[in-house]
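The block underneath contains the structure these notes are about, expressed in structure tokens.
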Amino acid sequence: MRKIVFILLLSMLFSTHLAMAQTRRVNPVKENYNTILRTDIKNQKKPPFTKEWPGLKNDTIIRDTLFIAVDTTKKLFDHPKFGGIIIGANIWDPIMRVFGQSYGGIALSAEMSIWNRFFPQVEAGVGLASHTPEGMNFTYKGHLAPYFKVGARYNFLHNNNADYQVLGGVNFGFSSFKYDINNITINSDYWGDPITTSITGLRSHALWGEVSLSLRVKIVKNLSMGWSAIFHTILADKKNAQGNAWYIPGYGVYDNSFTGAFSVYYTIPFKGKSKDDKKDTNL
């Protein structure tokens with residue numbers, strides 16, 4: 001069921017992008033053959049086009065209107081091809097550990113801004129756990145283990161100020177880890193007293209996918225902060241007959257489909273411009 005929901009959310013993200021792209025389409029301008037609107041253009045200054053637009057040579061009203069529209073669009077899309085490297089630190093789990101959460105870790109991420117629209121992303125971190133579930137007869141201990149994520153995010157506000165971003169993302173994560181199940185208490189009618197035992201050195205690994213919706217806001221200079229809501233689901237994992245993993249580094253509690261993230265980011269801008277940015281963009 002969780003895999004179906006994951007696929008539906010992923011489809012919704014792409015559908016939203018296509019819908020927004022369709023709303024930005026501009027209807028083609030037809031030639032105006034109304035001779036009443038034509039004026040003497042001999043003494044009028046032409047907009048600084050590098051080439052004449054076919055069909056608009058003698059129609060200054062439409063030509064001037066288009067020049068203003070094109071100039072405005074140029075400013076609207078005026079983001080560098082490579083906007084820099086964005087280094088992030090997810091501090092959600094450390095904050096929650098202060099408030100008593102019994103599992104978590106810390107993660108660092110790196111993104112590249114491409115036209116303020118696409119953000120390829122990699123993430124690496126570590127996680128551990130020490131938790132006694134309420135009403136259960138054991139303590140779960142997850143050893144410190146690494147995890148990795150790779151994916152990309154799309155900025156739905158790419159035409160606006162880069163200081164404010166609404167991002168939809170897709171990531172895939174993997175972790176290989178060890179865990180123990182300690183202090184297992186078994187009540188025995190035969191012996192009378194409860195029996196306590198432990199199962200140690202269990203190994204597992206997991207592959208998961210996640211869909212996220214994030215908000216990122218610039219705080220000062222190159223420093224920004226962001227919040228994320230994440231839906232994730234296990235795609236493949238190793239189960240153990242002695243007891244399955246309760247916590248997965250980078251994923252969280254096995255049975256939880258939703259989680260969150262709170263990150264601090266620092267942008268390292270690229271110096272200079274790429275060859276594509278140096279080209280003359282005049283029509």
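Each value in this text was obtained by applying a stated rule to the coordinates, not by laboratory testing. Note that this is a predicted model, so its numbers are computed, not measured. As a convention, Cβ positions derive from the backbone with ideal geometry for all residues, glycine included, and neighbour counts pool all protein chains shown.
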- Query: Do any trypsin sites (Lys or Arg not before Pro) in the stretch 84-177 lie in a DSSP loop with no more than 11 other beta carbon atoms within 10 Å, and if so, which?
  - Reply: none
- Note on the structure: Expected unfolding gain across Q242-L108 under the 0.36 nm per residue rule, minus the alpha-carbon gap, is 44.9 nm
- Message: Along the Cα→Cβ direction, 7 angstrom out, place labels at A124 and D193. What is the inter-label distance in nm?
- Response: 4.9 nm
- Note on the structure: Mean Cβ-within-10 Å packing, highest first, puts peptides 228-237, 215-224 in the order 228-237, 215-224
- Query: Counting other Cβ atoms within 10 Å of each Cβ, which GluC sites (Glu not before Pro) in the stretch 123-214 have at most 12 and sit in a DSSP loop?
  - Reply: E134
- Of all the C-alpha pairs in the stretch 170-237, what % are more than 17 Å from each other? 68 percent
- Per principal axis, largest first, the Cα atoms of the stretch 103-159 extend in Å by 55, 21, 13
- Log10 I(q)/I(0) at q = 0.31 Å⁻¹ for the stretch 208-248, from Debye over equal alpha-carbon scatterers, is -1.04
- Working out 0.36 nm times the residue gap between F270 and D255, then minus their Cα-Cα distance, what length gain in nm do you get to one decimal? 1.2 nm
- Item | Cut-off under 5 Å, modelled amide H: who pairs with T132 long-range | Y140
